[in-house]
Amino acid sequence: MGSLKPKLKIETNLSLLRAERKLTQGQLAEELQVTRATVNAMEKGDYNPSLELAFRLSLFFGMSIHEIFKIKEGDYENN
Amino acid sequence: MKTIDKFSFWFIGLGFPFVVIAVIAISFFLHNDAVDSFVKHYETTGAWGVLGCLIIAWVFVTFVFLLRILFSENLRNLVFKKFSKIEERDEREMEIAGESAKFSFIANLAFWFFLMFLSCLTLGVKKYETPQISTSGEKKGGTMSVGFNFNPINTKSFEMKKENGIEEASYNALPLNPSGLIILLIIFQIGSYHLRARKFNS
């Protein structure tokens with residue numbers, strides 16, 4: 001399950017990938033079977049997706065999860 | 001969702017404001033001679049009877065509906081959607097619902113403990129027939145005190161007694177009757193949930 005309060009700062013180029021395919025947030029949300037607000041939250045870094053959602057993104061864009069998401073260098077909280 | 005559940009839900013929802021107004025109106029005008037004579041003169045007794053039956057039917061349907069919520073997951077989800085305005089369409093919304101419910105649970109628990117503490121406070125007022133001299137040498141006609149009294153089986157919230165020239169009154173309860181208290185708790189529960197959920201949706 002994803003996290004509403006990300007402990008790891010994860011960067012994503014999701015908005016760029018979406019724009020390259022000329023998709024709106026709503027359209028991408030429909031493809032991924034999530035809400036538009038969830039897509040928006042992921043792009044802003046306010047929400048880390050669950051493993052299942054990350055794999056769905058990976059399959060949709062035809063890229064590995066690491067190409068879509070990466071941990072921000074030197075800037076994550078230890079808990 | 002079953003038709004009977006849909007009907008019950010809408011019957012309860014639409015009937016709620018009317019029932020509240022009717023109950024307030026009935027309690028306000030009860031034993032009012034002018035209203036009694038109006039009802040008898042214009043032969044509206046039948047209408048009052050119908051209104052009473054509708055209120056009883058509403059109470060019965062609500063009671064059955066609340067019992068069914070305990071045993072039906074579909075019904076619980078429907079009621080939850082209506083009250084929380086969150087549909088749990090995806091994982092993120094499910095997490096929001098969970099976080100908000102957790103916050104509301106803890107907030108309500110804290111509020112209950114606070115109310116329990118308040119309910120134990122006792123306000124006492126004494127009035128002396130003959131002014132008495134205090135330890136500081138002043139003449140006092142009475143005293144006021146705030147104390148702590150935990151007695152869950154005592155149903156009397158207000159007591160008054162007079163003996164040996166001293167009138168004493170004590171009040172030990174919340175300044176709300178049970179209905180008012182329940183309404184306050186319902187508002188607090190729903191409000192605390194929405195307050196937390198809004199944070200994630202802003």
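Read the figures in this text as sums done on the coordinates, not as results from a lab. Every value quoted in this text rests on a predicted model; they were computed, and no experiment measured them. Cβ coordinates were reconstructed from backbone atoms using ideal geometry, including for glycine residues, and neighbour counts include every protein chain displayed.
Overview of results
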{"read-out": "Debye intensity ratio I(q)/I(0), log10, the protein assembly as shown, q values 0.11, 0.13, 0.14 Å⁻¹ (C-alpha model)", "value": "-0.92, -1.06, -1.13"}
{"read-out": "With at most 12 neighbouring Cβ atoms within 10 Å, loop GluC sites (Glu not before Pro) (DSSP) excluded, longest segment of chain B", "value": "B:44-137"}
{"read-out": "Globularity index of chain B, i.e. its alpha-carbon radius of gyration over 2.2 N^0.38 Å", "value": "1.53"}
{"read-out": "Residue with peak Gaussian network fluctuation, chain B [Cα springs, cutoff 10 Å], from B:Ser157, B:Ser134, B:Ser27", "value": "B:Ser134"}
{"read-out": "Selection from B:Val64, B:Gly142, B:Ser100 lying farthest towards where the dipole of chain B points positive, charges on Cβ", "value": "B:Ser100"}
{"read-out": "Built amide H within the under 5 Å cut-off of B:Ile86, gap 5+", "value": "none"}
{"read-out": "Built amide H within the under 5 Å cut-off of B:Leu121, gap 5+", "value": "B:Asn149"}
{"read-out": "Whole-Å distance, taken between Cα centres, linking region B:105-143 and region B:159-186", "value": "11 Å"}
{"read-out": "Whole-Hz ³J(HN,Hα) from phi, Karplus 6.51 cos²θ - 1.76 cosθ + 1.60, for region A:27-40, glycine and proline x", "value": "5, 5, 4, 5, 5, 8, 6, 10, 8, 4, 4, 5, 4, 4"}
{"read-out": "The protein assembly as shown, dipole about Cα centre (Lys/Arg Cβ +1, Asp/Glu Cβ -1), debye to the nearest 20", "value": "100 debye"}
{"read-out": "J(HN,Hα) series, region A:54-68, from Karplus relation 6.51 cos²θ - 1.76 cosθ + 1.60, nearest Hz, glycine and proline x", "value": "5, 5, 5, 4, 4, 5, 5, 8, x, 10, 6, 4, 5, 7, 9"}
{"read-out": "Residue among B:Thr143, B:Thr155, B:Thr135 with the largest mean-square fluctuation in a Gaussian network model of chain B, springs linking Cα atoms under 10 Å", "value": "B:Thr135"}
{"read-out": "Order of A:His66, B:His194 - criterion: other Cβ atoms within 10 Å of each residue's Cβ, fewest first", "value": "A:His66, B:His194"}
{"read-out": "Integer Hz, Karplus 6.51/-1.76/1.60 couplings in order for region A:13-21, x for Gly and Pro", "value": "10, 4, 5, 5, 4, 5, 5, 4, 8"}
{"read-out": "Modelled FRET efficiency - R0 22 Å, B:Leu174 with B:Phe103, Cβ distances, 0.05 increments", "value": "0.35"}
